Amino acid sequence: MTKILIIEDEIRLADVLYDWFHSKNFQVTVCHDGISGYETALKNSYDAIISDVMLPGIDGFSIVKNLRSMKVRTPVIMLTARVELQDKLQGFDAGAEDYLTKPFEIEELDARVKVLLRKNEKGKEEVYISFYGRTPFPLETGVPEDSFFAR
């Protein structure tokens, strides 16, 4: 099941996003402030994060920047009322993959999440190695104990 973290302090919007993605069979976690959102993102693994920018505690830009400094590579969509080009650039510079301004259509957000998930899946493709015609195995799983290469 695809896991998504929503960091949004507007309760009604957070509820709408939760209901939408839950109805699409996502496992959804919602945090209503920046500190709990950041801590939740650090402690758990998610396939995508949707974060508001203007949050109590820690703003969304700082959340993404801090996650990236901690080597958390979960794709992030910034969701905000801040529409200025400088704000968008700040979001991308912090490490966000996408930036959507409010108001928005939920179908567009859904499409953007799907694109991020597709891109992230491509990055997780298994790499196989093979030597001298021997059976290939996924590089990330290591050499099987009974393999010719384990000797």
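The values are calculated or read from the model by the stated rules, or taken from the named source; none is laboratory data. Quantities reported herein were computed from a predicted structural model and do not represent experimental measurements. Methodologically, a virtual Cβ is constructed for each residue, glycine included, from the backbone with ideal geometry; neighbour enumeration extends over all protein chains shown.
Some notes on this structure:
- Within segment 42-57, tally of residues that are surrounded by fewer than 18 Cβ atoms within 10 Å (Cβ to Cβ) and more than 17 Å from residue 2 (Cβ to Cβ): 5
- Of all residues assigned to segment 86-100, at least one qualifies as being more than 20 Å from residue 33 (Cβ to Cβ), of a type in the set (Phe, Trp, Tyr), touching a helix residue (DSSP H, G or I) at 6+ places or on another chain (Cβ under 6 Å) and buried (at least 16 other Cβ atoms within 10 Å of the Cβ).
- Count of segment 1-35 residues which are farther than 22 Å from residue 58 by Cβ and either surrounded by 17 or more Cβ atoms within 10 Å (Cβ to Cβ) or touching a residue at least 24 places away in the same chain (Cβ under 8 Å) (or both): 9
- Any hit, segment 71-81, residues being over 17 Å from residue 39 (Cα atoms) and part of a loop (DSSP other than H, G, I, E, B): yes
- Restricting attention to segment 97-140 and to residues that are small (Gly, Ala, Ser) and assigned to a helix (DSSP H, G or I), the residue that is modelled with the lowest pLDDT turns out to be 123.
- Answer from 68, 73 - the residue that is surrounded by fewer than 16 Cβ atoms within 10 Å (Cβ to Cβ), at pLDDT below 95 and closer than 21 Å to residue 116 by Cα: 73
- Put simply, of 80, 29 the only residue that is within 16 Å of residue 7 (Cβ to Cβ) and touching a Lys or Arg at 6+ places or on another chain (Cβ under 7 Å) is 80.
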